[in-house]
1. Show me the strands (runs of 3 or more DSSP E) found entirely inside the stretch 35-101 where at least 2 residues are within 14 Å of the chain's Cα centre (by Cα) and under 30 Å from PHE205 (Cα atoms).
2. I'm trying to understand the selection: among the residues of the stretch 132-141, which are more than 18 Å from GLU184 (Cβ to Cβ) and open to solvent by 40 Å² or more (accessible area, probe 1.4 Å)?
3. Could you list all residues from the stretch 67-114 that are in contact with an Asp or Glu (Cβ under 8 Å, 6 or more places away or on another chain) and among the acidic types (Asp, Glu)?
4. For the stretch 174-184, name all the residues that are free of Cβ contacts under 8 Å to residues at least 40 places away in the same chain and buried (at least 16 other Cβ atoms within 10 Å of the Cβ).
5. Please work out which one of (1) open to solvent by 30 Å² or more (accessible area, probe 1.4 Å); (2) touching a helix residue (DSSP H, G or I) at 6+ places or on another chain (Cβ under 9 Å); (3) touching a residue at least 40 places away in the same chain (Cβ under 8 Å) is the condition LYS71 fails and give its number.
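The values are calculated or read from the model by the stated rules, or taken from the named source; none is laboratory data. All values reported here derive from a predicted model rather than from experimental measurement. Reconstructed Cβ throughout: ideal geometry from the backbone, glycine too, with neighbour counts over all protein chains shown. Side chains included, ligands, DNA and RNA excluded: accessible areas come from the protein's heavy atoms. Shrake-Rupley method; radii C 1.70, N 1.55, O 1.52, S 1.80 Å.
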Amino acid sequence: MLRFVSLYILILCSALPLRAGLIDSLFINAPQDVLPLLGHTERLDLLDLYDYRLKAEVENRLGGRSLLEYKDSCMLRLRVSDAESWEMHLLQGEGDRLLVCLNSVSAGGEMTHLTAYSLSWEPLKMAFPKPDCKHFLTAAPADSLTDADLSALHALLPALPVAASWQEGNRLQLRIDASALSAELRRAARLCLRPLTYEYRKGAFVLQ
């Protein structure tokens, strides 16, 4: 009988999800002002569902749905709502490890807010890239745009939102989101604008 009980406990334990460790703990303990739509219970539920390989989706505090899209030992990506996403990346700083978070909101174009924290969620000062809009410009093919469209695009560039995404190899990519413009100006943006990629090295972002 004792052997049967021991075997049952072993099987039950093997079926339980294994925590990824630090990245889970950081997500659970993120301050409420960092993730205001998800309480402690909702975060635990998301992690459990994900670790069971189920759709990791819960109801958030606004009555919408939040989805844990991906996590590993160094990052976690969350679809907070239909219009908002949030990412957390664990990086090696000049000394201690730190967190970089990307909070992207889609409203008339996608805009990303970048923040840095210690592992105890103390805000850190970090020199995130803030390039002038002209640095996104590249030469368009000859005769591909009218002077009027080109002038209109240049005039609107300072008001357009900048979106960020995290790439493999600790790279941060910035791009101007022109999705709210007219069809003609969106075409001009596709021809004239390029993304800017920065590699994170020894506590700084270096343009590639």
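1. Here the list reads 65-71, 75-81, 84-92.
2. ASP132, LYS134, HIS135, THR138, ALA139
3. Once the filter is applied, which keeps residues that are in contact with an Asp or Glu (Cβ under 8 Å, 6 or more places away or on another chain) and among the acidic types (Asp, Glu), the stretch 67-114 yields only GLU110.
4. Selection gives ARG175, LEU181.
5. (1)
Condition check ((1) of a type in the set (Gly, Ala, Ser); (2) under 25 Å from CYS74 (Cβ atoms)) across all residues:
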| position | (1), (2) |
| --- | --- |
| LEU98 | no, yes |
| ALA116 | yes, yes |
| GLU122 | no, yes |
| ASP132 | no, no |
| SER144 | yes, no |
| ALA148 | yes, no |
| ALA152 | yes, no |
| PRO161 | no, no |
